[in-house]
Amino acid sequence: MDVIFDRAVTYLETGIPFAFALIVSQDGSTPRGEGSRMLITENDIVGSVGGGLGEALVIQYARTKVLNTGRAELYSIDMRQDSNVNPELICGGCCEVLIADIKGNDLLEVFQAARQVDLSSKKGWIFYLYDEDSDNPFQCCVNMGRGQVVGQFTGNAKFARDMLENPVRAAIHGDSSDGIKCVMQEINASGRVYLFGGGHVSFEIARLLVNLGFEVTVIDDREEYCNPNRFPNCATLVVDSYDNLPDLETSSNSYILIITRGHAGDKSVLRWALNKPCLYLGMIGSKPKRDALYRSLEGEGVAAEKLQSVHCPIGLSIGAETPGEIAVSIVAEMIMETKLASAPSEHLRKKLPSRGDGAGSTQSLHREKA
């Protein structure tokens, strides 16, 4: 869950005053890039726009100025060596931070819509817009897909149409529309991962994926290997058997990783997964194990063409041996497939490794480490 959306809804529903801070432009080296966000109340902060003294100045300005005037403003932070700033700020670049006082039912509906898209695992787009000359400088809209936009934009009509029909184009040309500054962020850009198996490899995979912004659900038939203490910041689901899986909602932006502790569990999950939409389906194990399992499923009537979509052996061939290294190979392959799906050009394909080789000779070691 995107904590920014969730906390913004909570603040608006309970009437807690807060400011929204967003890096809208960046030049050179800064601690955080464009799109970094933070919520600021009188006593709390959520998120980050870079930490350190620069962030402290943003928080101070939000609390002493913006929350009092109620008007959105751009706040500049100059961290270049030749600038007349505190030496603690020197980082090599500069950035502009939009700081807006957030209130009203309109923005409550926007953040509720953003949270709804986030929880659905479907893709959406949120637009943060700043027009210095407007009576309402800060505006915010969410494209929920299927021709639905929540939030009002009172500027350029063509831009408003692009925001509905072609959000990426709208984001590219946003700052040229009547001088408006626009930051667009894709909701669920990383996607939802269903990680079957809570062993050593899964433990390392989950850590990587959470840091990359994926929403991870771990499923296992052993509670001691599948609980919030072992997998913080992940959802955990304990099942009585892999033969009895619930109807988990997957989409074209979902990833399914099959890394259970045994071949029987892998087979049950794979049988289930082959009928679910997903962007990536991978299963751990060696080629002989894969071939035997595939023959068994084909004997049950599973079409061979369906099995061709499975990444097994799983992961890029990097000579991985330890659980941590194996996790890197798997997550790297997930990222590669994501890039190919979003920009499947021949030029990009030539730059990326070939798929299907797994993590090389170490695949036979994966089972005991899973």
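The values are calculated or read from the model by the stated rules, or taken from the named source; none is laboratory data. These numbers come from a predicted model, not from an experiment. Cβ coordinates were reconstructed from backbone atoms using ideal geometry, including for glycine residues, and neighbour counts include every protein chain displayed. Calculation scope for accessible area: heavy atoms of the full protein, side chains included, ligands and nucleic acids excluded. Shrake-Rupley method; radii C 1.70, N 1.55, O 1.52, S 1.80 Å.
Residue by residue, here is whether (1) open to solvent by 10 Å² or more (accessible area, probe 1.4 Å); (2) without any contact (Cβ under 8 Å) to a residue 60 or more places away in the chain; (3) part of a loop (DSSP other than H, G, I, E, B) holds:
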| residue | (1), (2), (3) |
| --- | --- |
| Glu96 | yes, no, no |
| Ala113 | no, yes, no |
| Leu119 | yes, no, no |
| Asp135 | yes, yes, yes |
| Asn143 | no, yes, no |
| Val149 | yes, yes, no |
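Scanning segment 172-185 for residues that are aliphatic (A, V, I, L, M) and either modelled with pLDDT of 85 or more or open to solvent by less than 30 Å² (accessible area, probe 1.4 Å) (or both) yields Ile180, Val183, Met184.
Pairs linking a residue in segment 157-181 that is over 19 Å from Ser25 (Cα atoms) to a residue that is modelled with pLDDT of 70 or more and of a type in the set (Val, Ile, Thr), with Cβ atoms under 6 Å and 6 or more positions apart or on different chains, are Leu164/Val149. Any residue at all in segment 231-238 that is modelled with pLDDT of 85 or more and either closer than 30 Å to Asp131 by Cα or aromatic (Phe, Trp, Tyr) (or both)? Yes. Within segment 295-318, how many residues turn out to be closer than 13 Å to Leu270 by Cβ, touching a helix residue (DSSP H, G or I) at 6+ places or on another chain (Cβ under 8 Å) and not polar (S, T, N, Q)? Selection size over segment 295-318: 9.
For segment 100-115, the criterion of being of a type in the set (Asp, Glu) and at pLDDT 90 or above is satisfied by at least one residue.
Scanning segment 37-54 for residues that are part of a loop (DSSP other than H, G, I, E, B) and either under 20 Å from Asn68 (Cα atoms) or open to solvent by less than 10 Å² (accessible area, probe 1.4 Å) (or both) yields Thr41, Glu42, Asn43, Asp44.
Within the option set Glu333, Glu325, Glu337, being over 14 Å from Ile219 (Cβ atoms), free of Cβ contacts under 8 Å to residues at least 40 places away in the same chain, of a type outside the set (S, T, N, Q) and assigned to a helix (DSSP H, G or I) holds for one residue only, Glu325.
In segment 2-36, the qualifying residues are those that are free of Cβ contacts under 8 Å to residues at least 12 places away in the same chain and part of a helix (DSSP H, G or I), and the one that is most open to solvent (accessible area, probe 1.4 Å) is Thr14. From the list Lys369, Lys351, the one residue that fits, being open to solvent by 60 Å² or more (accessible area, probe 1.4 Å) and either modelled with pLDDT under 90 or among the polar types (S, T, N, Q) (or both), is Lys351. Could you list, in sequence order, all residues of segment 325-340 that are open to solvent by 40 Å² or more (accessible area, probe 1.4 Å) and at pLDDT below 95? Across segment 325-340, the qualifying residues are Ile335, Lys339. Kindly indicate whether Ile205 is touching a residue at least 12 places away in the same chain (Cβ under 8 Å), more than 30 Å from Phe159 (Cβ to Cβ) and touching a helix residue (DSSP H, G or I) at 6+ places or on another chain (Cβ under 7 Å). When the stated conditions are applied, Ile205 passes them. The set of residues from segment 186-216 being farther than 30 Å from Arg169 by Cβ and open to solvent by 20 Å² or more (accessible area, probe 1.4 Å) comprises His200, Phe203, Glu204, Arg207, Leu208, Val210, Asn211.
Taking helices (runs of 4 or more DSSP H) as the structural unit, no element lying wholly within segment 228-318 holds at least 2 residues that are among the acidic types (Asp, Glu), touching a residue at least 12 places away in the same chain (Cβ under 8 Å) and open to solvent by 30 Å² or more (accessible area, probe 1.4 Å). Among the residues of segment 121-133, those that are open to solvent by less than 20 Å² (accessible area, probe 1.4 Å) and either free of Cβ contacts under 8 Å to residues at least 40 places away in the same chain or within 19 Å of the chain's Cα centre (by Cα) (or both) comprise Ser121, Gly124, Ile126, Phe127, Tyr128.
Within segment 41-66, the residues that satisfy the criterion of being in contact (Cβ under 8 Å) with a residue 40 or more places away in the chain and under 19 Å from Phe111 (Cα atoms) are Val46, Gly47. Within segment 151-171, the only residue that satisfies the criterion of being in contact with a helix residue (DSSP H, G or I) (Cβ under 7 Å, 6 or more places away or on another chain), in a loop (DSSP other than H, G, I, E, B), open to solvent by less than 50 Å² (accessible area, probe 1.4 Å) and at pLDDT below 85 is Phe153.
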